[in-house]
Every structure is written in structure tokens, then in C-alpha cells.
Amino acid sequence: MGGLRSSKINMVITKIIAKLLFAVGLLCFTSEVLAQSTQSQRTVNSQGITWDSMDYYDASLTFGVFLPFGIAGVRSNYPMWGVMFSHPSVLGQVEYQFYSAKAEGVTLYSGVLGLRWDFRLFDAIDGFFGIGADMYYYQRKATQRRQFEFVTSGGTDLKWGAYFPLVGGLRFRSDFKFNMGPGKTFYVGIGLQYRLGGDSQSSPR
């Protein structure tokens, strides 16, 4: 009985965290747009989207919520953290990602190799989107009769998000990542990114 009550409490807390993360991301996004709206009205980029030059490296740290659908024994919402590193290539930013989640009897690790493209929209919003190939190593929640072994599974993902400059090469990063396989999952997170190279040493745009 106590375990069930604790599980329900953890689920409620996780949902609250997810809503707070969404609210913070929305607030940052709105603040960025309002802060630069006057300048954008004076000099609007006629092309709409400006693609960033791929001549920089960056490292990111993210904290968020992992929401799985259709994975046996992995059915709640779990707090998750991750680290990323990217470097330039002729195709885009090659990004390596690692994620970890451990809660409510479930342990999950994920490694991702992907491509990311950074852009600036209407000279006001810094964002990105990308694709990736994922590898999962997870252990589902045990039952009263059985302890499950770790399972390895592959998948693909589609991600997008926005950047919010702080100082120099440091900035906030929001992440939204939709995964296909195993099941369908969604990750929502916020964190920090440090960029080295390119125009990162100049003032944020």
C-alpha cells in the first residue's frame, strides 16, 4: 500500500515538474521575442531564416522529463538528465548525446548519434532541429514474481528547440525530442549550452 502511494506521489511530482519546465521554456521563449521585437521590426531579415555557419563546437547539459508510450513495464513519467557534445561537419552539427533516467523501479540509458541544424528566425529567435539514431539500454519495472533483465533496443528521433543567450558563449537551451522505438517517447528539457568558436565570443545577437 505504501509503495503504491509513493508511486502515485512520484507521478504527481513528475507531472508538476513537466508543467513547470514547459512554463519556463514558454516564458524564456516569450521574453526573447519581446526583448528583440523592436529591433526586428526595424530590420527584418528578408530571407526569414538565416542558417548558422557550422564552425563551432558546443557542449550542453539538460534536465527534464521522459514520457514513454507503449513500452512494457515503463509506463510512468520519469525525471531524466542528459549531456550533449557537437562538432561541425559538411552536413551539419554532429551531436553525441547521452541520457539517463532512474525512478520507480525503472532504469534507462540512451545514447544518440545525430545531426543538428541551427538557425535564426526573422532575426529574432535562435533555434534548432535535428534527427538522430538512438540506442536504448533499459530495465523495466519488476513485478512481485519476476525481476527483469536489461533490454537493448534501437530507434530514431526528431528534435527541436530554442536557444536564449546569456553571456558570451553561454546560453539556455530548451529541448523537445520525439522518439520512435522502443514504443514512442517524448522528452522535454531545459539546460545550459556553452559554444566555442564561431561568433560565440562576441555579444549575443
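General observations
- Kirkwood estimate for the range 68-205, i.e. one over the average of 1/r between Cα atoms, Å: 16.3
- By the count of other C-beta atoms within 10 Å, a proxy for reagent exposure, PHE164, PHE148 are ordered fewest to most as PHE148, PHE164.
- Under 9 Å, Cβ to Cβ, from VAL188 - net charge with Lys/Arg +1 and Asp/Glu -1: 0
Each value in this text was obtained by applying a stated rule to the coordinates, not by laboratory testing. For clarity, every value in this text was computed on a predicted model and none was experimentally measured. Glycine gets a Cβ as well: all are built from the backbone with ideal geometry, and neighbour counts include every protein chain shown.
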